[in-house]
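Notes follow once the structure below has been shown.
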Amino acid sequence: MGGDVASARGASEPKRRLGRAWRLAIAVAILGLLAVLVSPLIGPVPIPAEVVLRVLFGSAHPCAGYVSSAYSCSAARVIVWEVRVPEILLALIAGAALGISGAGLQGIFRNPLADPFLLGISSGATLGASVVLVFQVGIREANLVLPLFAFLGASGTGGVVVLLARNRYGSVETLLLGGVAIASFLSAADALMLLYNPALSLQVDYWLLGGLGSASWSVDAIATSLVVAFGTVLSLYGPELNLIQLGNDVAQSAGVSTNRVRVIVILLASVVTAAAVAFTGIIGFVGLVSPHVIRRTVGTDYRIVLGGSAITGATFLLVARDISILAFPSSVLPIGIFTAFAGVPFFLYLLLRQSRVTAMGAGS
Amino acid sequence: MTAGPALRLTDVTVRYGERIALRDLDLSIARGEVVALAGPNGSGKTTLIRAVLGLLPLDRGSIEILGEPLASLSIRERARRVAWVPQGEGARDDVRLADYIQYGRYAHREPWSGELSTDRAAVARALSAAGLADRAQEGILSLSGGERQRATLARALAQEAPLLLLDEPTSHLDIGHQLDFLGRVRQLARESQVTVVAALHDLNLAARFTDRVVVLSRGRQVADGPAPEVLSEDLLRRVWGVVAERRIEPQTGVPYLIPRRLVEPPRGDDPLAGWGPVHVVGGGGSAGPILRMLADEGARTTVGVLNLLDSDAELAEDLGLPSVIEAPFAPLSEAVRRENSELLARARAIVVGPFPVGPSNLANLADVAPFVGRIPVFLAQEPPISARDWTGGRATEVWNRLLAGGATPFATPAELGDRLRSVAGGPIGRPVPADRSHVE
């Protein structure tokens, strides 16, 4: 009775917080939608917006009224449908993949520094790519074989780490250290391989920097199906991750099979990341930052953080693509460079703002 | 759920590597009982709780919860039977309290299903049992320490498990919140027939709020029963190494313990720690500050001859010091003087307190004389002997003889401490092997 009255009083404050959170969520969603709408207009080859729109809406004569020597009208159609749209889709899928696996791993490790590449997944992918380039494995079909090997290297590394995680009473720290050790081992193996063929290391480096250049409808179909299938399962692990934030022992006492959840989440995050990385190379920072953006704005409930990080990651990568093209129209900048350049200042801003709020909170 | 006690441990042994943390433990706890687990740090209380939660592998033995072997239950099934309030659960994120407590419903929900009305009702009950019904919408980090501990309790209660394990639930709380928290737990046990097992350091809280106290020491169970039977001065001396005084609260019959000192004083760099025995000749309340100083320094101390009604005698008893005591107003008997002389003979230093000397206790002073020059003797000179001589000058005469023979005068207990330290750390103090016979 008294509780009802009091809860009505207590409700006003979080309601305001919730309102702020929703405004932010809506802002991100609008930004994402806007990016999706604007992105097809942006590309290294200048095509008038009206032409792009006509192509998109299936006009029979998209170039009517425009005279251009830079490209033929059929080229415009190809550029929009076979380059720009697949690239946009790949940016969205890869961003979502990195965002959700970053959130999953940060949750499992209760560590805000965890990211999709924490456990050596990037080293595994790099090794896979190097094997293809050095040994010329199926090099004729490099567009498919290289991603395949990168995928196997990345998800295989995740699998090895998961084997470490299966020790029932093993700690998260053991797992982290094991992952770091495996990453070092794979990097060493990679370096050894490239030693015999130094000319290729530039190629590997370029692949490492990450880009959306390999996007095509078939690539997108593969990446999308993998990321959507495994990412959806991963997104359902919110309640377990919420309890794990209170400590693995507490989670277990509340009914979470922490060991199994750990294995599943790491495996799913590895596969999802591998599916993206195989086609884009290593794109840093998206997986680290996206969960933080959600936690610091919408809240720490992992039922929301997982999906929210996917949306944030997708938006982030797409916007990064657009800005990098607008800023350097003549050269195709590897997008991994750009995500770091754009992401780090924003991330530092968030950190500083947060610590000021915390300091103020502690003083009261 | 099947029959059987709420919790039964049979021959349970748990090891951490070579170290045995729990040894051959047999324990049965009936439904609705409120049981305190007591014992010094490292005695196995937390290990026992973690073993019952299934967080530790058993080296040997078995654990049954409500008649079902723990090993045969899945993690989810365990969570529906046993809930846990750990030591200082750290919610680091500012989760809404209602959501935080909702986490406790995990074991009752189908995988990947949303919350049902039964979940919401359980959360509401847990909130009101913890006295947090009006805070449900607030962020958990905005709660005070006491409220946060109750929030952890509510999270555990939302599990609706018949067995509730508490690990040092009150160690971070002020006394008001301690009483509030344990009072709520007690009420829960009574109203909802929840069985409670709580590791508690505070024996007085254990005596007050539990039906039964199980005492562990070095992984073994050393006592089990209602607090008035279990919590004895002897147990504290044996298990905690503490000399304590036990009193009974007359209104309730609940025992309470006042710790006085360690049986084995800490041996630090202080040369006085563990050194002795120092025999203090006192009486009439004059030796109190000296006895306290020696107890604080950790010196082994004996006292004599004291008067039965004397406050020095009371203090000596509280501190557990071997002492020689005579009936009031009687002259010192031969037997008592002999006893005192034995302690004097065993001492490595003698301290003569500033006691008033009358005809009946002049012997107290005189008996010190044979030891002057053989071992260090210290004489209190504040107040001066002339001011407390009720023997017409004979006491002053003896006192001056002691001084002339080589006894050292001192003004304050602190000064005495310094002088004793230099004796204990010096060439006289060191070579003699420690004599511990007076303790036994």
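Here the condition is being farther than 22 Å from B:Gln187 by Cβ and not in a helix (DSSP H, G or I); of B:Asp119, B:Asp94, it holds for B:Asp94 alone. Scanning region A:324-338 for residues that are part of a helix (DSSP H, G or I) and in contact (Cβ under 8 Å) with a residue 60 or more places away in the chain yields A:Ile325, A:Leu326, A:Ile335, A:Gly336, A:Ile337.
If only residues of region B:72-121 that are among the polar types (S, T, N, Q) and either facing chain A (nearest Cβ under 10 Å) or free of Cβ contacts under 8 Å to residues at least 60 places away in the same chain (or both) are counted, the one that is nearest to B:Gly4 (Cα to Cα) is B:Ser72. Listed conditions (1) farther than 19 Å from B:Gln178 by Cβ; (2) part of a strand (DSSP E or B); (3) without any contact (Cβ under 8 Å) to a residue 60 or more places away in the chain; (4) touching a helix residue (DSSP H, G or I) at 6+ places or on another chain (Cβ under 7 Å) are all met by B:Tyr256, apart from (1).
Among the candidates B:Thr152, B:Thr170, the residue that is closer than 18 Å to B:Val213 by Cα and in the same structural domain as B:Arg208 (by TED's automatic domain parsing) is uniquely B:Thr170.
With respect to B:Pro86, is the statement that it is more than 24 Å from A:Asn111 (Cβ to Cβ), assigned by TED's automatic domain parsing to the domain that holds B:Ala30 and either touching a strand residue (DSSP E or B) at 6+ places or on another chain (Cβ under 7 Å) or surrounded by 18 or more Cβ atoms within 10 Å (Cβ to Cβ) (or both) true? Against the criterion (more than 24 Å from A:Asn111 (Cβ to Cβ), assigned by TED's automatic domain parsing to the domain that holds B:Ala30 and either touching a strand residue (DSSP E or B) at 6+ places or on another chain (Cβ under 7 Å) or surrounded by 18 or more Cβ atoms within 10 Å (Cβ to Cβ) (or both)), B:Pro86 does not qualify. Just checking, does region B:398-419 include any residue being more than 35 Å from the chain's Cα centre (by Cα), closer than 18 Å to B:Gly284 by Cβ and in a helix (DSSP H, G or I)? Within region B:398-419 (the criterion being more than 35 Å from the chain's Cα centre (by Cα), closer than 18 Å to B:Gly284 by Cβ and in a helix (DSSP H, G or I)), the answer is yes, since at least one residue qualifies.
Check region B:378-389 and report whether any residue there is among the aliphatic types (A, V, I, L, M) and under 38 Å from the mean Cα position of the chain (by Cα). The answer is yes, given that some residue of region B:378-389 is among the aliphatic types (A, V, I, L, M) and under 38 Å from the mean Cα position of the chain (by Cα). Would you check if B:Trp399 is in contact with a Pro (Cβ under 8 Å, 6 or more places away or on another chain) and among the aromatic types (Phe, Trp, Tyr)? Spelling it out, it is not the case that B:Trp399 is in contact with a Pro (Cβ under 8 Å, 6 or more places away or on another chain) and among the aromatic types (Phe, Trp, Tyr). Within region B:33-52, the set of residues being crowded, with 24+ Cβ neighbours inside 10 Å, modelled with pLDDT of 95 or more and either in a loop (DSSP other than H, G, I, E, B) or touching an Asp or Glu at 6+ places or on another chain (Cβ under 6 Å) (or both) comprises B:Ile49 only. Take B:Gly54 and decide whether it is in contact with a helix residue (DSSP H, G or I) (Cβ under 6 Å, 6 or more places away or on another chain) and either among the polar types (S, T, N, Q) or within 9 Å of chain A (Cβ to nearest Cβ) (or both). Considered against the rule, which asks whether it is in contact with a helix residue (DSSP H, G or I) (Cβ under 6 Å, 6 or more places away or on another chain) and either among the polar types (S, T, N, Q) or within 9 Å of chain A (Cβ to nearest Cβ) (or both), B:Gly54 comes out as yes. Residues that are of a type in the set (S, T, N, Q) and over 19 Å from B:Asn361 (Cβ atoms) within region B:283-337 comprise just one, B:Thr301. Within region A:270-297, being more than 10 Å from the chain's Cα centre (by Cα) and small (Gly, Ala, Ser) holds for A:Ser270, A:Ala274, A:Ala275, A:Ala278, A:Gly281. How about region A:216-247: which of its residues are within 12 Å of chain B (Cβ to nearest Cβ), more than 17 Å from the chain's Cα centre (by Cα), not in a loop (DSSP other than H, G, I, E, B) and not hydrophobic (A, V, I, L, M, F, W, C)? Matches in region A:216-247: A:Gly238, A:Pro239, A:Glu240, A:Asn242.
Scanning region A:296-334 for residues that are modelled with pLDDT of 85 or more and within 14 Å of chain B (Cβ to nearest Cβ) gives A:Thr300, A:Asp301, A:Tyr302, A:Arg303, A:Ile304, A:Val305, A:Leu306, A:Gly307. Residue count for region B:122-142, restricted to those that are facing chain A (nearest Cβ under 10 Å), under 22 Å from B:Gln187 (Cα atoms) and more than 37 Å from the chain's Cα centre (by Cα): 3.
Condition check for B:Arg208 on (1) part of a strand (DSSP E or B); (2) under 23 Å from B:Trp84 (Cα atoms): one failure, at (1). Residues considered: B:Val215, B:Val243. Of these, the only one that is in contact (Cβ under 8 Å) with a residue 60 or more places away in the chain and within 22 Å of B:Gln178 (Cβ to Cβ) is B:Val215. In this entry, B:Arg184 passes the filter for residues that are modelled with pLDDT under 95, over 18 Å from A:Leu243 (Cα atoms) and within 27 Å of the chain's Cα centre (by Cα). Being in a helix (DSSP H, G or I), crowded, with 20+ Cβ neighbours inside 10 Å and at the interface with chain B (Cβ under 9 Å from one of its Cβ atoms) is the filter here, so list the residues in region A:249-264 that pass it. Across region A:249-264, the qualifying residues are A:Val250, A:Ala251, A:Gln252, A:Ser253, A:Thr258. For region B:311-360, filtered to residues that are part of a helix (DSSP H, G or I) and among the hydroxyl-bearing types (Ser, Thr, Tyr), the residue that is farthest from B:Gly276 (Cα to Cα) is B:Ser360. Flag: B:Arg96 does not match the condition of being under 19 Å from B:Thr47 (Cβ atoms), more than 31 Å from the chain's Cα centre (by Cα) and surrounded by 17 or more Cβ atoms within 10 Å (Cβ to Cβ).
For B:Leu66, the test of being touching a helix residue (DSSP H, G or I) at 6+ places or on another chain (Cβ under 8 Å), within 20 Å of B:Leu188 (Cα to Cα), of a type outside the set (Val, Ile, Thr) and more than 8 Å from every other protein chain (Cβ to nearest Cβ) is passed.
The values are calculated or read from the model by the stated rules, or taken from the named source; none is laboratory data. Here the structure is a predicted model, which is why all the values come from computation and not from measurement. Positions of Cβ are backbone-derived with ideal geometry, glycine not excepted, and every protein chain shown enters the neighbour counts.
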